[in-house]
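The values are calculated or read from the model by the stated rules, or taken from the named source; none is laboratory data. Owing to the predicted nature of the structure, the values given are computational and were not obtained by experimental measurement. Quick reminder, even Gly has a Cβ in these numbers, built from the backbone with ideal geometry, and neighbours come from all protein chains shown.
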């Protein structure tokens, strides 16, 4: 038996995958090359740019810093799994409306981090949003539209849930 090859089972965006992978295969490469989920982008391959961010068991992680074998038995969500096919989440819609993306290379990673962040922070301040975004490199937007899109999503969610907006200040 080759000790450099492992069979892993993961659930990605609700679909089960059972694949044989080399020990050294990065999660980012597994997602893109083996599973065909090319929405996860690979930038720096050092965990700095954030483009490869996905969620493992609900937490945002850099897929270029994990080996695929480390996710055996885990639940993974990529940008393809954020919304139902053919639809957009409110966050994705607001990125479009607020001009939060241009070339789109960084967008998938930012969406995945923001999705996790907003589950943990119902009413984040602009400063907290910017701190979360500091883990992502965007060369196009200047971040203003990204921050506005996130703030708009928070406001709409709180209005929809009939929360008093003063809780968010």
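Some observations on this one:
- Residue within segment 64-76 that is within 24 Å of residue 140 (Cα to Cα), at pLDDT 95 or above and in contact with a strand residue (DSSP E or B) (Cβ under 8 Å, 6 or more places away or on another chain) present: yes
- Qualifying residue in segment 156-168 (condition: within 19 Å of residue 81 (Cα to Cα), outside the structural domain of residue 51 (by TED's automatic domain parsing), out of contact with any strand residue (DSSP E or B) (no Cβ under 8 Å at 6 or more places or on another chain) and outside any loop (DSSP other than H, G, I, E, B)): no
- Residue that is surrounded by the most Cβ atoms within 10 Å (Cβ to Cβ), among those in segment 112-125 that are in contact with a helix residue (DSSP H, G or I) (Cβ under 7 Å, 6 or more places away or on another chain) and touching a residue at least 60 places away in the same chain (Cβ under 8 Å): 113
- Residues (touching a strand residue (DSSP E or B) at 6+ places or on another chain (Cβ under 6 Å) and surrounded by fewer than 20 Cβ atoms within 10 Å (Cβ to Cβ)) located in segment 42-52: 47
For every residue, the table says whether it meets (1) surrounded by fewer than 16 Cβ atoms within 10 Å (Cβ to Cβ); (2) closer than 19 Å to residue 119 by Cβ; (3) modelled with pLDDT under 95.
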residue: 5; (1), (2), (3): yes, no, no
residue: 8; (1), (2), (3): no, no, no
residue: 28; (1), (2), (3): no, no, no
residue: 31; (1), (2), (3): no, no, no
residue: 40; (1), (2), (3): no, no, no
residue: 79; (1), (2), (3): no, yes, no
residue: 89; (1), (2), (3): yes, yes, no
